[in-house]
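S.K.: This is the structure I want to talk about, given as structure tokens.
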Amino acid sequence: MHVASLIQAASDGGVPTSGVAGWAVDLMEKLGIWGAGLAIALENLFPPLPSEVILPLAGFTASRGDFTLVGALVATTLGSVVGAVVLYAIGAAIGRDRLRRIVDRMPLMKLSDVDAAEAWFAKHGYKAVFFGRMIPIFRSLISIPAGVERMSFAMFVLLTTVGSAIWNTVFVLAGYYLGQNWDAVEPYAGVFQKVVIALVVVAAVVFVLRRVRTSRRVAR
């Protein structure tokens, strides 16, 4: 279901009262500026929660004077970092050895896949963490391999902070300047997210087909 369909603007100046946006508004009403930060932290942990709704809404709320624009940017970026650190810790707890044991038991997967992923991450990990903060779905997932590979925690936090700040600023400012039309941002961001999901699905299907074909050749 389209996220915008979950949002019903109330009569008090465009403030939503239901759906994801209503939930975010409730957090901000109860916790103030830190409600926006908490919403984004949870968005990192649960990717189905859409940052393209929460962030513009935080900007719109700031435009109404409920809190400052700078405060909204700081709180949402801090929330992004907190959520990312939790996922980094989960990845670190899993660790390389446990991950290899898990992959070794999975159908169609090989330990060579882990080796290739580790080699890629060793070469491109910093870029992946930075730019991944600006790509739907990967915004959350990239923190886990960073933890598994025990990327320098200081560098992880730095790259996550900068990447998140860029992403958050774009959407918070959009909501701030669009005012009551803050939700106009979501359809455009939604297209980007759908493209990313489609590419992931296509890549997964191609991987499975190739691996099945290879398995059949070996079986012969």
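Read-outs throughout are calculated quantities, based only on the coordinates presented, and are distinct from any laboratory measurement. Being a predicted model, the structure only gives us computed values, none of them experimental. Positions of Cβ are generated from backbone atoms using ideal geometry, with glycine treated the same way; all protein chains shown enter the neighbour counts.
S.K.: Straight distance only, please: which lysines reach the Cα of Lys127 with their own Cα at less than 24 Å, same-chain residues fewer than 8 apart left out?
M.R.: Within reach: Lys194.
S.K.: Determine, from the Cβ-Cβ distance of Ala198 and Met134 and an R0 of 22 Å, the FRET efficiency 1/(1 + (r/R0)^6), rounded to the nearest 0.05.
M.R.: 0.75
S.K.: What is the gain in length, in nm to one decimal, between Arg210 and Val191 on full extension, counting 0.36 nm per residue of separation less the C-alpha to C-alpha distance?
M.R.: 4.0 nm
S.K.: Quick check: residue separation of Asp115 and Ala154 times 0.36 nm, minus the Cα distance between them. What number comes out in nm?
M.R.: Length gained between Asp115 and Ala154: 11.6 nm.
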